[in-house]
Amino acid sequence: MEKIEQTTYDGYIKALTDISRAITSDLFLEDLLKLIVMVTAKVTGVEICSLWLIDENEKPPKIRLKATQSIDPEYIKDRSLNLNEGVVGVVVTTKRPITIKNVLRSKRFKEKEMARKLKLISMVGVPLQLKNEKIIGVLNCFTAIPHTFSRTEINLLTAVANQAAVAIMNTELMLKAKIIQEELETRKLIERAKEILTRRRSLDVDSAFRWIQKRSMDSRKSMREVAEAILLSEDLGYYSSIPHALKKENK
């Protein structure tokens, strides 16, 4: 292996190490995606690195630009494509990397005007693929000079992309688990608040829930905040009754 290839290889290994650390970190998804594109751009020396993720909440699903190290407003604007559209669409549907020597001459590349403005020439796109072969996105790299991406570069970029896919899925799973935990805690708080209202205001359970719901809308606070306020007032009422109880015992 030539010296320049060894340097590139070492850089990719470092990128994989950095992304591996991110898997077990507490980074938010947005920060994780930014880290992936910044590390990849740094070790490859490409002009622009971008990461697209499939948004399955869209009907039909679309693939949306989620992160790039570029600061050019022409590139960072909100962009999305159908899963069968453009180069990223080809990568998603074929589940294989694609390289283009000159994007301005490619029929598949849809954003030629942007490429002219940013002086982008060659590109490579690799899928973010999980073990079950599911594709969750695409990692793109652009150069400002004509470049033929070697098999080594494509393989190493694929390794980075697959590692990134694991990191992204882990982060999303942790976020979902956190949301579920918060929802369970909120339900418990509301249930306790309902019990207090049924006792204090002689309401049935359904009426107590509607009372909390109305108070939430009127005060523009979440139902959890209203429930916490009810619990706090209950605690304050309990503690304020202690001195009176002690006085009665001392008589």
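The values are calculated or read from the model by the stated rules, or taken from the named source; none is laboratory data. Since this is a predicted model, take the numbers as computed values, not measurements. Using ideal geometry, Cβ is built from the backbone for each residue, glycine included, and neighbour counts are taken over all protein chains shown. Ligands, DNA and RNA are excluded from the accessible area calculation, which covers all protein heavy atoms including side chains. Shrake-Rupley method; radii C 1.70, N 1.55, O 1.52, S 1.80 Å.
A few notes on this one:
- Accessible surface of Thr148 - all protein chains present, 1.4 Å probe, nearest 10 Å²: 100
- Note on Ile71: accessible area approximately 150 square angstrom, rounded to 10, probe 1.4 Å, nucleic acids and ligands left out.
- Heavy-atom accessible area for Met114, with the other protein chains in place and a 1.4 Å probe, reaches approximately 10 Å².
- On the principal axes of its alpha-carbon atoms, the stretch 89-209 has extents of 77, 32, 22 Å, going from largest to smallest.
- With Cα atoms, 0 to 90° folded angle of helix 29-44 axis to the chain main axis: 20
- Averaged over its residues, the chain has an accessible area of 62 Å² per residue, based on protein heavy atoms and a 1.4 Å probe.
- CD proxy at 222 nm, helix term only [per DSSP H run n ≥ 4: -39500 (n - 2.57); per residue of the chain; nearest 500]: -20500 deg cm²/dmol
- Relative to the longest principal axis of the Cα atoms of the chain, the long axis of helix 223-250 lies at roughly 30 degrees.
- Residues whose amide H falls under 5 Å from that of Glu47, counting only those 5 or more places apart or on a different chain, are Phe142, Thr143, Ala144, with hydrogens built in the peptide plane.
- Distance histogram in 5 Å bins (all Cα pairs of the stretch 50-113, percent per bin): 4, 16, 24, 27, 21, 7, 1
- With Cα atoms, 0 to 90° folded angle of helix 205-219 axis to the chain main axis: 60
- Neighbour-limited loop hits for trypsin sites (Lys or Arg not before Pro), the stretch 28-92 (at most 12 other Cβ within 10 Å; DSSP other than H, G, I, E, B): Lys77
- On the principal axes of its alpha carbon atoms, the stretch 170-242 extends 48, 29, 21 Å, with the longest extent given first.
- Counting all C-alpha pairs of the chain, share separated by more than 26 Å (%): 54
- Candidate residues Leu184, Leu81, Leu203: accessible-area rank, largest first, probe 1.4 Å: Leu184, Leu203, Leu81
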